[in-house]
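Scroll down for the structure; my scribbles are underneath it.
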Amino acid sequence: MDKNVVWHQPTVTRDRRAKNNGHKSVILWFTGLSGAGKSTIAHALEESLHKVGANTYVLDGDNVRHGLCGDLGFSDTDRNENIRRVGEVSKLFIDAGVIALSAFISPFRADRQRSRDLVDEGDFIEIHVKCPLEVCETRDPKGLYKKARAGLIKGYTGISSPYEEPEKPEIVIDTSEKNIDQCVEIIIEYLTRKQIIVPATLDRSASC
């Protein structure tokens, strides 16, 4: 980094934002195979958190490739850079007091660890959205598995490129066994138990 680039320390801190918001800010990192349900669960969870007044934002794998990562392909190098950028953006979001829900296949453990290392202990909550490959293939919402099996897509995660499962995720949800509401409930329970959110103090419906 250029020695002339100096970090400016803000007066409005993350702690002050948390006090103002009524909840802590964290990165909820959803990882799993395509079709496992990462984005579906992230958006359902955001809806639940929004209803009780939490400040949230979903960073979705497809959406960021329309802008922030629009210049990247799907080589291992580009995937590494994709996750690096998302990790940095997620870090900015939690500094802003927002619960960042980052939903990405993020197939490589080293990339996920790099994002975890950007923030303090407890700020990165890895959620393994677990689902057998054969179930993901039957869902295949974008028809990509079919194309990958036909050899039309190279380096597709789970088919011709590996997916490295998390070794010690904070949360594991198996979407072949649990529905969306049950998955959201598991995450809400974890956030409440860790005192990241306190629903009773967040609910602003009475004043709306």
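Within the listed set PRO141, PRO166, PRO132, the Gaussian network model of the chain (springs between alpha-carbon atoms below 10 Å) gives the highest mean-square fluctuation for PRO141. Counted by Cβ distance under 10 Å from LEU101, the other residues give a net charge of -1, where Lys and Arg count +1 and Asp and Glu count -1. At q = 0.24, 0.31 Å⁻¹ the log10 of I(q)/I(0) for the range 89-144 amounts to -1.01, -1.40, computed by Debye summation with a single uniform scatterer per C-alpha, solvent ignored.
For the pairs LYS91/LYS178; LYS91/LYS147; LYS19/LYS130; LYS51/LYS168; LYS3/LYS91; LYS146/LYS168, flag any whose C-alpha to C-alpha distance is greater than 26 Å. Going by Cα-Cα distance, LYS91/LYS178; LYS91/LYS147; LYS19/LYS130; LYS51/LYS168; LYS146/LYS168 fall outside the 26 Å limit. Taken over the chain, the ratio of Cα radius of gyration to 2.2 N^0.38 Å equals 1.07. For the range 1-90, what does the alpha-carbon gyration tensor say about shape, rounded, prolate or oblate, given a ≥ b ≥ c as the root eigenvalues, a/c under 1.5 as rounded, and a/b over b/c as prolate? Oblate shape, in that a/c is at least 1.5 and b/c is the bigger or equal ratio. The alpha carbon convex hull volume per residue for the range 62-185 rounds to 125 Å³.
Since every read-out is calculated from the coordinates, none of them should be taken as a lab result. What you see is a predicted model, and the numbers here were worked out from it, not measured in a lab. Neighbour counts are summed over all protein chains in view; Cβ atoms, including those assigned to glycine, are modelled from backbone coordinates with ideal geometry.
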